[in-house]
Amino acid sequence: MVVIAFDVNETLLDLQPLDEILGGRETRTRWFAQMLQVALVGGVTGDYVDFPTAQRNALHMLGLDHAEAIAATMRRLPAHPDAAPALERLGDFTLAALTNSPLEVAHEQLESARLSAYFDAILSADEVRALKPAAAAYRHLADHFGVALDDVWLVAAHGWDIAGALTAGCHGAFVRRPGQAVIPAFGTPEIVGDDLLQVADAIRGTAPTLGA
């Protein structure tokens, strides 16, 4: 069995509603990058930091407020227009969501965006206290389905997530959301697309070799 896992924030869900709270796209991008840095430091040091704590710390470090408004908005982000059609196109595969958001938040996000019904499982790296791109997050997904890491594809809009998946032994499919790029040092994902529909079509094109 092949499992196709989707990152959630920015890959499936549009972060643009946060721009109004944070004062624009540039500030939102800085905040998200700072949040990832906090989470990654937690992973490297072994002092686990969950995603909501990383979000609040990043706001504090940038001298920003609005923690409650951001937390509430994160739970009801809209889906990108290409998300549902791409998931529907891959409906004969085993599909999963794999996110750094806490599991409760992930379920609420995907329900609000009307995407949850597409997935066979919704999983959080928080369940194993090892946020992506830690290898344990991708192993958590593989273990849930009882498959090898080589049977897992990760679809994501973040170079660091693709890097983590490739390093762990998964396959990668990168979607070029604005401002995002693959990290060359960690190899090239098998699939790169300008949107999720391109990625879905490319995955379907490999279906005979995937054993779908």
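Before we move on, is residue 33 under 23 Å from residue 156 (Cβ atoms) and in contact (Cβ under 8 Å) with a residue 60 or more places away in the chain? Write out each step before concluding.
Numbers: under 23 Å from residue 156 (Cβ atoms): yes; in contact (Cβ under 8 Å) with a residue 60 or more places away in the chain: no.
It is false that residue 33 is under 23 Å from residue 156 (Cβ atoms) and in contact (Cβ under 8 Å) with a residue 60 or more places away in the chain.
Within the range 173-209, work out how many residues are among the acidic types (Asp, Glu) and either outside any loop (DSSP other than H, G, I, E, B) or surrounded by 15 or more Cβ atoms within 10 Å (Cβ to Cβ) (or both).
Kept after step one, since they are among the acidic types (Asp, Glu), are these residues of the range 173-209: 190, 194-195, 201.
Checking the rest, the ones that are also either outside any loop (DSSP other than H, G, I, E, B) or surrounded by 15 or more Cβ atoms within 10 Å (Cβ to Cβ) (or both) come to 195, 201.
Count: 2.
Identify, by number, the condition in (1) in a helix (DSSP H, G or I); (2) aliphatic (A, V, I, L, M); (3) touching a residue at least 12 places away in the same chain (Cβ under 8 Å) that residue 136 doesn't meet.
For residue 136, the exception is condition (3).
Go over the candidates 40, 131 one by one and state the one that is hydrophobic (A, V, I, L, M, F, W, C) and modelled with pLDDT under 95.
Values: 131 fails: modelled with pLDDT under 95.
Exactly one of 40, 131 is hydrophobic (A, V, I, L, M, F, W, C) and modelled with pLDDT under 95, namely 40.
Filter the range 81-133 down to residues that are closer than 20 Å to residue 145 by Cα, touching a residue at least 60 places away in the same chain (Cβ under 8 Å), out of contact with any strand residue (DSSP E or B) (no Cβ under 8 Å at 6 or more places or on another chain) and part of a helix (DSSP H, G or I), then give me how many there are.
1
To keep it simple, each residue is scored yes or no on (1) outside the structural domain of residue 135 (by TED's automatic domain parsing); (2) under 12 Å from residue 13 (Cβ atoms); (3) at pLDDT below 95.
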position: 61; (1), (2), (3): yes, no, no
position: 66; (1), (2), (3): yes, no, yes
position: 81; (1), (2), (3): no, yes, no
position: 87; (1), (2), (3): no, no, no
position: 105; (1), (2), (3): no, yes, no
position: 110; (1), (2), (3): no, yes, no
position: 124; (1), (2), (3): no, no, no
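List, please: which pairs have Cβ atoms under 7 Å, are six or more places apart or on different chains, and start with a residue in the range 36-60 that is assigned to a loop (DSSP other than H, G, I, E, B) and end with one that is at pLDDT below 95 and surrounded by 18 or more Cβ atoms within 10 Å (Cβ to Cβ)?
Close Cβ pairs (under 7 Å, with a partner that is at pLDDT below 95 and surrounded by 18 or more Cβ atoms within 10 Å (Cβ to Cβ)) amount to 48/42; 49/39; 49/42.
Please tell me if residue 147 is in contact (Cβ under 8 Å) with a residue 40 or more places away in the chain, more than 16 Å from residue 6 (Cα to Cα) and in the same structural domain as residue 96 (by TED's automatic domain parsing).
Details: in contact (Cβ under 8 Å) with a residue 40 or more places away in the chain: yes; more than 16 Å from residue 6 (Cα to Cα): yes; in the same structural domain as residue 96 (by TED's automatic domain parsing): yes.
Considered against the rule, which asks whether it is in contact (Cβ under 8 Å) with a residue 40 or more places away in the chain, more than 16 Å from residue 6 (Cα to Cα) and in the same structural domain as residue 96 (by TED's automatic domain parsing), residue 147 comes out as yes.
Tally the residues that are of a type in the set (D, E, K, R), touching a helix residue (DSSP H, G or I) at 6+ places or on another chain (Cβ under 6 Å) and more than 23 Å from residue 48 (Cα to Cα), restricting the search to the range 122-172.
So the count comes out to 0.
Which of the residues belonging to the range 99-117 are crowded, with 20+ Cβ neighbours inside 10 Å and either farther than 19 Å from residue 71 by Cα or among the polar types (S, T, N, Q) (or both)?
Result: 99, 100, 101, 109, 115.
Between 29, 45, 11, 53, which is of a type in the set (Ser, Thr, Tyr) and touching a strand residue (DSSP E or B) at 6+ places or on another chain (Cβ under 9 Å)? Break it down stepwise before answering.
Working: 29 fails: touching a strand residue (DSSP E or B) at 6+ places or on another chain (Cβ under 9 Å); 45 fails: touching a strand residue (DSSP E or B) at 6+ places or on another chain (Cβ under 9 Å); 53 fails: touching a strand residue (DSSP E or B) at 6+ places or on another chain (Cβ under 9 Å).
The unique qualifying residue is 11.
The values are calculated or read from the model by the stated rules, or taken from the named source; none is laboratory data. Small disclaimer: the values here were computed from a predicted structure and weren't measured. Positions of Cβ are generated from backbone atoms using ideal geometry, with glycine treated the same way; all protein chains shown enter the neighbour counts.
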